[in-house]
1. I'm told B:Leu69 meets every condition in (1) assigned to a strand (DSSP E or B); (2) within 11 Å of chain A (Cβ to nearest Cβ); (3) among the hydrophobic types (A, V, I, L, M, F, W, C) except one. Can you identify the failing condition by its number?
2. For residues that are outside any strand (DSSP E or B), more than 11 Å from chain A (Cβ to nearest Cβ) and without any contact (Cβ under 8 Å) to a residue 60 or more places away in the chain, tally how many sit in region B:203-246.
3. Given A:Val210, A:Val178, which one is farther than 27 Å from A:Gly71 by Cβ and in contact (Cβ under 8 Å) with a residue 24 or more places away in the chain?
4. What about A:Lys68, is it assigned to a loop (DSSP other than H, G, I, E, B) and of a type in the set (Lys, Arg)?
5. Considering only residues that are within 11 Å of chain B (Cβ to nearest Cβ) and surrounded by 14 or more Cβ atoms within 10 Å (Cβ to Cβ), which ones fall in region A:42-56?
6. What do you reckon, is A:Thr154 farther than 21 Å from A:Asn29 by Cα and free of Cβ contacts under 8 Å to residues at least 24 places away in the same chain?
7. Residues in region A:114-161 that are buried (at least 18 other Cβ atoms within 10 Å of the Cβ), under 30 Å from B:Val120 (Cα atoms), out of contact with any strand residue (DSSP E or B) (no Cβ under 9 Å at 6 or more places or on another chain) and among the aliphatic types (A, V, I, L, M): how many?
8. On the basis of being crowded, with 16+ Cβ neighbours inside 10 Å and more than 17 Å from the chain's Cα centre (by Cα), does A:Phe256 make the cut?
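The values are calculated or read from the model by the stated rules, or taken from the named source; none is laboratory data. The model shown is predicted, which means the values in this text are computed figures rather than measured ones. Neighbour counts run over all protein chains shown; Cβ positions are idealised from the backbone, glycine included.
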Amino acid sequence: MTDYTAVQVVPTAEHINLDRKVPAHGGFNGRLLRIELLRVLRNKRTLIFTVLLPLVFYVAFGVPQSSKWRGTDFDPKAYEMISFALYGALAASCAIGAGVAVERAQGWSRQLRLTPLSGPSYIAVKVITAMITAALPVIIVFVIGASTGASMSTGAWPVSLLLTWIGGSLFASLGLFVGYLVPSENAMQILGPGISLLAFAGGIFYPLAVMSDTMRTVASFTPMWGLSQIARYPMLGGSFDPMWLVSGVVWIGLFFAGAVWRFRRDTSRV
Amino acid sequence: MMTTQQPGATTIPDPQGAPAIELVGLEKRFGSVHAVRGLDLTVAQGEIVAFLGPNGAGKTTTIDMMLGLSMPSAGTARVFGMDPRDAIGRGLVAAVMQSGGLLKDLTVRETVDLTASLFVQTRSVDECLERAGIADIGDRKVQKCSGGQQQRLRFAMALVSDPALVVLDEPTTGMDVTGRRDFWSAIRQDAQRGRTVLFATHYLEEADQYADRIVLVRKGQIVADGTGAQIKAMATGRTVRATMSGLSDRQLAAIPGVDSVELQGDSVSLHSKDSDAVARYLFANTNARDVEITARGLEDAFIALTGDDDQQGA
């Protein structure tokens with residue numbers, strides 16, 4: 001071999017080990033998850049949009065509601081609490097979804113492919129991160145709601161919390177889709193106003209209960225309508241409209257399909 | 001997940017005796033573009049190989065197949081006798097890419113720590129930061145790092161799994177002189193431990209200086225394979241200069257191995273592909289003194305061997 005006489009080489013007796021093992025769980029581990037969560041908690045913009053904003057909205061628009069809305073017999077505070085908590089959860093999961101696409105555009109996914117981390121394990125890390133991030137605003141808004149007099153039946157509290165959390169988390173698919181469409185940090189600048197608009201149209205920022213019939217019909221065709229109705233169902237009671245579920249499944253399905261479509265288009269070139 | 005296998009049919013990878021890299025009849029087509037055209041390459045464990053070629057020669061495409069990032073259209077790529085994905089899963093291979101592949105919102109240390117968490121066998125994070133020369137900026141955000149610092153970080157990430165093979169695509173891009181020196185010194189130290197290194201570079205001097213072996217690629221094929229000295233000689237031969245008297249230029253041209261002669265008084269320049277034989281002849285049979293053998297730079301060899309003679313660059 002080459003004789004590098006010009007350079008002082010420190011002889012290292014220990015030969016490179018060739019007998020290696022594949023990591024358990026496809027490389028999934030706590031250190032990775034911890035760093036992923038840390039990234040979210042350090043991102044001020046994400047925290048403002050996903051935690052602070054829903055909280056401020058609830059305090060500003062939900063807490064002052066003292067009398068019931070015309071023609072309804074539920075607590076408007078509880079209605080607003082669930083709505084804004086759902087908004088926070090879906091904004092959070094959207095941000096994580098868009099982050100996946102941004103990471104891909106920046107070559108991080110490719111870098112990870114040079115490690116033992118498996119695809120399913122990467123997805124698992126992201127899903128868990130999205131769910132934990134989405135849980136944050138839900139828990140905070142619900143706690144503030146409970147302490148400011150939002151009321152519903154005892155049984156409805158845990159169920160609506162769960163449905164708000166899960167419903168919001170499903171919107172990671174929207175983030176992923178938009179992220180693949182606009183693979184840069186601009187994705188969140190489109191998503192921010194975009195989801196606010198959808199929240200208005202779908203009856204989250206502007207209660208369906210006080211909408212005109214026309215507006216309510218329009219609302220029922222927008223992405224957040226079905227899942228928000230499901231989240232409020234334990235509180236509202238009455239009959240369960242299967243169209244809520246249909247709306248949720250169709251929209252979330254469309255977002256996932258869109259993300260997969262863009263992803264495939266993207267990889268076919270590589 | 002369970003598969004039934006004949007006893008003995010189970011292939012337990014034995015990386016010990018296998019070549020670090022074995023490419024056989026490797027081909028890659030992208031639509032009508034034939035990027036890699038039947039490439040054969042075997043790299044033994046412990047070799048430091050430079051992978052050289054003009055842009056579009058198929059270097060990166062070949063590296064991608066070597067790393068299991070893309071599938072060959074034909075032929076096979078094996079790493080330590082395994083499928084590249086298997087070797088990567090075991091942490092036997094690491095790669096340093098030219099750009100990208102970093103999360104801007106992580107600190108330097110977190111990036112290496114995250115990478116380390118994915119492997120079963122690792123070196124300590126501190127050791128890798130130290131060896132890459134970035135121990136002092138461990139808490140710095142990646143986005144605040146200079147291009148050279150980011151490249152050192154990629155190197156630290158590659159070191160952390162203590163890989164048996166490192167593949168480097170333009171490894172010292174953006175590094176200053178100190179950075180390059182530190183980098184190659186670290187690479188050489190590990191070569192002593194049996195680590196195989198394959199690097200693509202445009203710094204031809206770097207290839208000449210640091211590789212045991214240079215593989216020249218052109219239009220998806222290997223056009224030359226040898227030591228830096230062999231490659232240089234192959235393309236350009238060497239020049240033997242001497243001070244001597246008594247021989248005419250015709251007599252000089254008749255010396256075995258001499259291709260051409262330049263004569264200026266007592267100063268003689270003989271061009272040859274076998275300069276050793278020419279020098280031996282001069283010492284044995286003439287009064288030549290101050291004999292000097294020089295090679296033309298690798299740059300010239302590189303251009304001569306990879307030059308595009310039919311404007312059909314792929």
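1. (1)
2. 6
3. Numbers: A:Val210 fails: farther than 27 Å from A:Gly71 by Cβ.
Residue meeting the stated conditions: A:Val178.
4. On the way: assigned to a loop (DSSP other than H, G, I, E, B): yes; of a type in the set (Lys, Arg): yes.
It is true that A:Lys68 is assigned to a loop (DSSP other than H, G, I, E, B) and of a type in the set (Lys, Arg).
5. Hits for region A:42-56 are A:Asn43, A:Thr46.
6. Spelling it out, A:Thr154 is indeed farther than 21 Å from A:Asn29 by Cα and free of Cβ contacts under 8 Å to residues at least 24 places away in the same chain.
7. Qualifying residue count for the region: 4.
8. Values: crowded, with 16+ Cβ neighbours inside 10 Å: yes; more than 17 Å from the chain's Cα centre (by Cα): no.
Here the answer is no, as A:Phe256 does not meet what is asked.
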